[in-house]
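The values are calculated or read from the model by the stated rules, or taken from the named source; none is laboratory data. Quantities reported herein were computed from a predicted structural model and do not represent experimental measurements. When we count neighbours, we look across all protein chains shown, and the Cβ atoms used for this are built from the backbone with ideal geometry, even at glycine.
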Amino acid sequence: MGSADENRRFDTHAVHAGERRGRPDGNGRGDFYPVSTPIYASTTFSHPDIQTTDRVLGGEEEGYSYARYDNPTVRAFEDAVGSLEGLRGEARAFAFGSGMAATHAALAAAELTGGATALAAEQLYGSTATLLVQVFGANGVETRFVDAYDLGLVEKKVAELRPRAVMVETISNPLLRVADIEGLARITRAAGTALIVDNTFGTPYLQRPLDLGADIVVHSATKYLSGHGDLTAGVVVAGPPFDAAVESIRKLVGGVLGPFEAWLAHRGLKTISLRMERQCANAREIAARLSEHPKISKVNHPSLEDHPDRETAGRALSDTGGLVSFELAVDPEMGREAAFRFLNALDLCVKAPSLGDVYTLAIHPATSSHRELSPSRRERLGVKENLIRLSVGIEHPEDIAADLEQALERF
Ligand SMILES: *Cc1c(COP(=O)(O)O)cnc(C)c1O
């Protein structure tokens, strides 16, 4: 990047970063310049001479050779995400076929091998916890869980267990706790432990964990980064020494992102600032209104006075995020039935898992994201049967509010 580029702001990078422009290819009809990076649907790439191919394959020269290693459309998307997550520094982004493939590569790059211990947030995304316990566990890695929102406790566990990696999420699901990445990084840096942060719920719009001292950032780009609910993708962003390990793991395990999905994800990413600004504003408005509603007993959103991490959120996030969760005011025995009735009464909001899309999504965490947990563990994590989670979209806030109100009226 030139010096003019470095002075540009996040919103500008989101629109322009990564695009491969100015490559003339007139094919005999005069030069022209595509303004959007083409979809390079090509398995392999040829060079003017075989010596160049030799140097590219040997890593002596930058270039494209084989699509499992690198693809220009995928690289365009990676450069864009890399410039948003690490506006400063030398981190590089690597795209994967899903958030889970990216998470696997990040954990493996942190050298979680036989005999090592991982310390993970107990609020972690269910599949990430299962990946650690089942896949890494089968290879001799022991995973211990900790309340990642209690820094004193994390510090104690790091000193006691000497973990090779600590894995947390910027914002937790579904209670939307906000991690103190700066505080966590102070602890892991002092202990020589890698800090891996899943920034799916945060996005670089709200927070850039690498700037706060994290070592590796992972994303399910299926969610806010692409933003339109039309693809599956993942990204790892890391600087030395982890970047080389991530690249090597991706080459060997092969969980690459295809050029079509990369192109769609890159197109979605351009509007991240506009989407997030609107989603955060809508979520604040919805959280405030639900807090006043007589049929709701509790609302979780970092903008609310009673949120346990309001102070951390104010310091660490540029806004309070697009997710809101709330409990229906019903007899605890009737929690699931009431939640199902409420969800079935929704008309505009889409009843489906996932999050970060342009449309508002509503789910019942106890039977979706936290389905695999025992009832007692759900209880301990505060995932009650009467809890609903909303991923607030970019619709007009009055229309979202009206749909929620009519469903609350009817459930
Ligand atoms: C969805 C999600 C994942 C997994 O991503 P996929 O793209 O579904 O593989 C990981 N972490 C978090 C926080 C998620 O929300």
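Some points to look at:
- When region 93-135 is filtered for residues that are more than 10 Å from the ligand (Cβ to nearest atom), assigned to a strand (DSSP E or B) and buried (at least 23 other Cβ atoms within 10 Å of the Cβ), the ones remaining, listed by number, are A93, F94, A95, A118, L119, A120, A121.
- E247 satisfies every condition listed in (1) in contact (Cβ under 8 Å) with a residue 12 or more places away in the chain; (2) under 18 Å from I171 (Cα atoms) except (2).
- Residue count for region 203-238, restricted to those that are assigned to a loop (DSSP other than H, G, I, E, B), closer than 27 Å to T117 by Cβ and touching a strand residue (DSSP E or B) at 6+ places or on another chain (Cβ under 8 Å): 3
- Residues of region 35-85 that are among the hydrophobic types (A, V, I, L, M, F, W, C), without any contact (Cβ under 8 Å) to a residue 24 or more places away in the chain and within 22 Å of G234 (Cβ to Cβ): none at all.
- The residue of region 185-194 that is nearest to the ligand (Cβ to nearest atom), among those that are of a type in the set (A, V, I, L, M) and in contact (Cβ under 8 Å) with a residue 24 or more places away in the chain, is A194.
- Among the candidates M334, M276, the residue that is assigned to a helix (DSSP H, G or I), among the aliphatic types (A, V, I, L, M) and loosely packed, with under 15 Cβ neighbours inside 10 Å is uniquely M334.
- Per this entry, P259 is not counted among residues that are over 17 Å from the mean Cα position of the chain (by Cα) and at pLDDT below 95.
- The residue that is farthest from the ligand (Cβ to nearest atom), among those in region 208-253 that are hydroxyl-bearing (S, T, Y) and surrounded by fewer than 24 Cβ atoms within 10 Å (Cβ to Cβ), is S248.
Per-residue answers, yes or no, for (1) assigned to a loop (DSSP other than H, G, I, E, B); (2) within 16 Å of the ligand (Cβ to nearest atom):
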| site | (1), (2) |
| --- | --- |
| K157 | no, no |
| E160 | no, no |
| V168 | no, yes |
| P174 | yes, yes |
| G183 | no, no |
| I196 | no, yes |
| F201 | yes, yes |
